[in-house]
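> A single structure is presented below for examination.
Bear in mind that the values in this text are calculations on the coordinates, not laboratory data. All values derive from a computational prediction rather than experimental measurement. Reconstructed Cβ throughout: ideal geometry from the backbone, glycine too, with neighbour counts over all protein chains shown.
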C-alpha cells in the first residue's frame, strides 16, 4: 500500500474524528441525533461543521489520488500531495475547533490545491 493510499484512509476517517469530538464535548443524544445537532453551539457546533466539511472535501481528494496513480504520476509527487492534503485537513480541524477562521480558510485552500494538483497531474499524464 502506498503512502498516498494510507492518506486516503486517514482522510476518510477524519470526519468521524471531528464528529466524535462534537459528541464528546456535548452529551450526544442517540435517540434524537438531528435534534442534538440543532442544539449544538460553540466548539461542538464547529466540530460538527468540520465533520460535514471533511466529507465534502474527501471525494475530490480520493479521486485525485486514485486517478494520479492510475495515470502513472510519479509516486513521490502523489505521496507529497496526499501528505499535504492530510496535514491541511488535520490543521483545518484543529483551527476550526479553536475558532481560527482566517487560518482555517487558508489551510482549507491548501487542501483543495493539493486535490486539484493531483487531478491536474493525472490529466496531463493521461493526455
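> Counting pairs of alpha carbon atoms under 8 Å apart in space and at least six apart in sequence, what relative contact order in percent does segment 3-126 give? Don't jump to the answer; show the numbers that get you there.
Details: 150 pairs, mean separation 40.4, N = 124.
Relative contact order of segment 3-126: 33 percent.
> With axes computed from alpha carbons, what is the tilt in degrees of helix 3-25 against the longest principal axis of the chain, rounded to the nearest 10 within 0 to 90?
That works out to roughly 10 degrees.
> How far apart, in nanometres, would the label points at residue 5 and residue 76 be if each is projected 7 angstrom from Cα along the Cα-to-Cβ direction?
Label-label distance for residue 5 and residue 76, simple model: 2.1 nm.
> Calculate the radius of gyration of the Cα atoms of segment 47-100 to one decimal place, then report Dmax, the largest Cα-Cα distance, as a whole number, both in Å.
Cα only, segment 47-100: 13.0, 40 Å (Rg, Dmax).
> On a C-alpha basis, how far is the centre of segment 84-127 from the centre of segment 1-79 in Å? Whole number, if you could?
12
> What's the angle, to the nearest 10 degrees (0 to 90), between helix 75-97's Cα axis and the longest principal axis of the chain?
The two axes meet at around 20 degrees.
> Further question: Helix 42-71 sits at what angle to the longest principal axis of the chain, using alpha carbons and giving 0 to 90 degrees rounded to 10?
For 42-71 against the chain, the angle is about 20 degrees.
> Would you compute the Debye intensity of the chain from its alpha-carbon atoms alone, equal scatterers and no solvent, and pass along log10 I(q)/I(0) at q = 0.11, 0.14, 0.23 Å⁻¹ to two decimals?
Result of the Debye calculation: -0.41, -0.61, -1.19.
> For segment 1-55, what is the convex hull volume of its Cα atoms per residue in Å³?
Here the figure is 79 Å³ per residue.
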